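Data first, discussion second: the structure below is written as structure tokens.
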Amino acid sequence: MSESQTEAVDWAELAAGAVFDAAPDAMVLVDEAGTIVLVNAQTERVFGWPRAELVGRPVEVLLPQRFRAGHGAHRDGYANNPHPRPMGAGDLLFGLHRDGREIPVEIALSPIATPRGRLVAAAVRDITERRLVERRAMIAHQRLLSALESVQDALAIFDAADELVLCNSVYRRGLESWTGPVTGASFEALLDAEIPTLDLGSETVADHRARRIAYHRAPSGAIEVTSRDGRSLRIVDRITPEGGRVTVVYDLSDDVRRQQELEVAKQQAEDANAAKTEFLRSMSHELRTPLNAVLGFTQLIQRDASVGERPRRLVEHVRKGGEHLLRLIDDVLDLARVEAGAVPLSVEPVAVDEVLEEARTTLASVAEGRRVTVSIEPAAERWVVLADRTRLAQIVLNFGSNAIKYGKDGGRAILRSTLSGRALRVSVLDDGPGIAAERQDRLFQAFYRAGQETGPVEGTGIGLALSRRLADMMGGSVGFESRAGHGAEFWVELPLVTAEQAAPLPHARPPQASKALAEASILYVEDNPANVAFMEEVMADLPHVKLLTAPTGELGLELAIATRPHLIILDINLPGISGFEVLRGLRDHDRTRAIPVIALSASAMQRDIRRAEAAGFARYLTKPVKIDELLETLESLLEHTPS
């Protein structure tokens, strides 16, 4: 061999040694006896042995103890059939670090023929990090599968090629005709297996299939379907960032059933409320009709100067009993209207001092009988609250009436207003016996009278319950304080008006002086003889008024056309045609079109009043009618009626 050839061989050996030592995997050369003859630097790093200590040792030193006994047989088998074995083939393998740790490895084997005999080169790769990543990926995959299974609705994930990647068991159960694995199946194939489970109604299979495919490709909103077993389903598709699809099939059956149950319950509640309203309307009408005669004639008797003192006292008892019954009817109707949300409110700035003065004036006549002094405690300034003026006055009157009725004879009732945070507290205080602690928790319940149900004081037990509901509707609240033997304080708190909400409050217009009724003719259409007799007695005191009467709507209409009265008082519930039909007939005839018509009815429900106003009645008066109110109404309408 020439010098140049020798030099080339030296360089080749040097390069081979450098490549062997720089290999990224651990390289171990073993002879036919299983002895290590050469290792590279990576072997030192992987197994923790210096190469000088490894060379000459049996290769089993790099194996866990449990594999050493059977390794000789593996070496012999390989020696009998030497062939290259690529890395990653075979079972999971482990190496042993010098410190006793097991290392997951992959091993590639290659036989090498040399002049000194056959060697086996083993390339050993430490896959610890890869195994950790794989384990984490496996855990994440298992968690994903667990999450999919925890979803109660059907869920499926399709890749960009529209093939199924993952689904839960609920989705799988919806494919009754499908056999075999579903992973990798196309969306259209799975759709064909799903369609037979649906109730398509009038839609054809082809139309439904086309609609579902179009929606799946460009999903927007949702698709509602019904299964053959009656379940209501909502299908929602969404596009993933990778271009795949996520399909969720929501089972809305329980929601639909609950909604249907709610609708049925709502309808039943509405029907019950309507029945209650109709009952109250009917009860009001039936009770007010005889009360009209009772209270009407008692008023006439009391206005008669020829009636003696004893009969007058007896009639006064009748009047008080009738008015108590009327208040009970009105309170029950009012409470029913409030509970039904049928009470219209006009919430606006209200001057509290004006309401208190009106309440004091109204309560004075009631307080006089028990020698109770009603006074207003001076306020720090003129407070203004947001409230419905009429309803605020009603609450104060309820509290004041109770203070007088349940207070002590010769006592006092004080009306006052004080700040309470951002609200104003309007209170009524009395110095009566107070309320026992065991009776206080039910005070605002309807019909509860704190032990006075059988006592001598008249009452319905509705006023406080009604007051609380009215306060709630106005954005306020009610409350009280009381100790037995130390009187009571009842209050309503309402929001104060801010500077932005404040506006000049109109001053109350003083009442106009009453004018005598001019000569006029009035037609009264009423079928109840007692009510007709009452009206005749009222008109008997008006010598310039001529009263005509008719017992039915048909006769009333004919009489109105024939006589053209200046004004008509019309009962609503008449035999034959109703008062509304009579009014339409009057408006359709040239001779009676301009005649003002007053509705006088025992129907006092708010809807009845609104209906009468919408029909075109000039006024709506309820029975039992107050004579003064009736006369003021007649005067007001006749004043603007041409002779």
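Looking only at segment 53-82, which residues are modelled with pLDDT under 90 and either surrounded by fewer than 14 Cβ atoms within 10 Å (Cβ to Cβ) or farther than 17 Å from Gly34 by Cα (or both)?
Hits for segment 53-82 are Ala69, Gly70, Gly72, Ala73, His74, Asp76, Gly77, Ala79, Asn80, Asn81.
Please find, within segment 231-269, the residue that is nearest to Asp199 (Cα to Cα) out of those that are touching a residue at least 24 places away in the same chain (Cβ under 8 Å) and of a type in the set (Gly, Ala, Ser).
Ser232
Give the residues of segment 295-327 that are among the small types (Gly, Ala, Ser) and either modelled with pLDDT of 80 or more or not in a helix (DSSP H, G or I) (or both), sorted by residue number.
Residues of segment 295-327 among the small types (Gly, Ala, Ser): 296, 305-306, 308, 321-322.
Within segment 295-327, Ala305, Ser306, Gly308 meet the criteria.
Within segment 234-258, take every residue that is open to solvent by less than 90 Å² (accessible area, probe 1.4 Å) and in a helix (DSSP H, G or I) and give me the one that is farthest from Gln152 (Cα to Cα).
Val256
Keeping to segment 89-140, report how many residues are assigned to a strand (DSSP E or B), among the β-branched types (Val, Ile, Thr) and open to solvent by 60 Å² or more (accessible area, probe 1.4 Å).
Qualifying residue count for the region: 1.
Could we say that Asp21 is modelled with pLDDT under 90 and open to solvent by 40 Å² or more (accessible area, probe 1.4 Å) here?
Details: modelled with pLDDT under 90: yes; open to solvent by 40 Å² or more (accessible area, probe 1.4 Å): yes.
The answer is yes for Asp21.
Scan Gly117, Gly95, Gly77, Gly70 and give me the residue that is at positive phi and out of contact with any Ser or Thr (no Cβ under 9 Å at 6 or more places or on another chain). First the steps, then the outcome.
Numbers: Gly95 fails: at positive phi; Gly77 fails: at positive phi; Gly70 fails: at positive phi.
Exactly one residue qualifies, and that residue is Gly117.
Yes/no matrix, rows are residues, columns are (1) modelled with pLDDT of 55 or more; (2) open to solvent by less than 50 Å² (accessible area, probe 1.4 Å); (3) not acidic (Asp, Glu):
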| position | (1), (2), (3) |
| --- | --- |
| Met1 | no, no, yes |
| Gln5 | no, no, yes |
| Val9 | no, no, yes |
| Leu14 | yes, no, yes |
| Gly17 | yes, yes, yes |
| Asp25 | yes, yes, no |
| Val30 | yes, yes, yes |
| Ala33 | yes, no, yes |
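Starting from segment 112-127, take each residue that is of a type outside the set (A, V, I, L, M) and list its partners that are outside any strand (DSSP E or B) and surrounded by 10 or more Cβ atoms within 10 Å (Cβ to Cβ), counting only C-beta distances under 7 angstrom and pairs at least six apart or across chains.
Qualifying pairs under 7 Å: Gly117/Asp31; Gly117/Glu32; Arg118/Glu32; Arg118/Pro82; Arg125/Asp25; Arg125/Met87; Asp126/Val46.
I'm trying to understand the selection: among the residues of segment 530-569, which are in a helix (DSSP H, G or I) and either open to solvent by less than 20 Å² (accessible area, probe 1.4 Å) or touching a strand residue (DSSP E or B) at 6+ places or on another chain (Cβ under 7 Å) (or both)?
Those that are in a helix (DSSP H, G or I) and either open to solvent by less than 20 Å² (accessible area, probe 1.4 Å) or touching a strand residue (DSSP E or B) at 6+ places or on another chain (Cβ under 7 Å) (or both): Asn531, Val532, Phe534, Met535, Glu536, Val538, Met539, Gly553, Gly556, Leu559, Ala560, Thr563.
When segment 32-68 is examined, which residues are found to be polar (S, T, N, Q) and either within 15 Å of Arg98 (Cα to Cα) or within 60 Å of the chain's Cα centre (by Cα) (or both)?
Filtering segment 32-68 down to residues polar (S, T, N, Q) leaves 35, 40, 42-43, 65.
Within segment 32-68, Gln42, Thr43, Gln65 qualify.
Within segment 210-227, track down each residue that is open to solvent by 70 Å² or more (accessible area, probe 1.4 Å) and among the charged types (D, E, K, R).
Arg211, Arg217, Glu224 - these are the residues of segment 210-227 that are open to solvent by 70 Å² or more (accessible area, probe 1.4 Å) and among the charged types (D, E, K, R).
All but one of (1) part of a helix (DSSP H, G or I); (2) open to solvent by less than 60 Å² (accessible area, probe 1.4 Å); (3) modelled with pLDDT under 85 hold for Glu354; state the number of the condition that does not hold.
(3)
Does Ile195 satisfy being of a type in the set (A, V, I, L, M, F, W, C), touching an Asp or Glu at 6+ places or on another chain (Cβ under 7 Å) and in a helix (DSSP H, G or I)?
Here the answer is no, as Ile195 does not meet what is asked.
Return the pair list, or none, for Cβ contacts closer than 6 Å from residues in segment 160-177 that are open to solvent by less than 40 Å² (accessible area, probe 1.4 Å) to residues that are in a loop (DSSP other than H, G, I, E, B) and not aliphatic (A, V, I, L, M), at least 6 apart or on different chains.
Taking only residues 6 or more apart or on different chains, the pairs are Leu164/Thr183.
Has segment 265-286 got any residue that is of a type in the set (D, E, K, R), closer than 30 Å to Asp153 by Cβ and either part of a helix (DSSP H, G or I) or modelled with pLDDT under 70 (or both)?
yes
Based on what the data block shows, is Leu523 in contact with a helix residue (DSSP H, G or I) (Cβ under 6 Å, 6 or more places away or on another chain), in contact (Cβ under 8 Å) with a residue 12 or more places away in the chain and either loosely packed, with under 15 Cβ neighbours inside 10 Å or closer than 18 Å to Thr633 by Cβ (or both)?
When the stated conditions are applied, Leu523 passes them.
Identify the residue in segment 625-643 that is over 17 Å from Ile595 (Cα atoms) and open to solvent by 100 Å² or more (accessible area, probe 1.4 Å) and, among all such residues, is modelled with the lowest pLDDT.
Filtering first and then ranking leaves Lys626.
Could you give every pair whose Cβ atoms fall below 8 Å, whose first residue belongs to segment 567-594 and is within 23 Å of Leu631 (Cβ to Cβ) and touching a residue at least 40 places away in the same chain (Cβ under 8 Å), and whose second residue is β-branched (Val, Ile, Thr) and open to solvent by 10 Å² or more (accessible area, probe 1.4 Å), counting only separations of at least 6 or pairs across chains?
Correct list of pairs: Leu567/Ile595; Leu567/Thr641; Ile568/Ile595; Gly579/Ile572.
The values are calculated or read from the model by the stated rules, or taken from the named source; none is laboratory data. Here the structure is a predicted model, which means the values were calculated and not measured. Cβ atoms come from the backbone with ideal geometry, glycine included; neighbour counts cover every protein chain shown. Remember, those area values only see protein heavy atoms, side chains included, never the ligands or the DNA or RNA. Shrake-Rupley method; radii C 1.70, N 1.55, O 1.52, S 1.80 Å.
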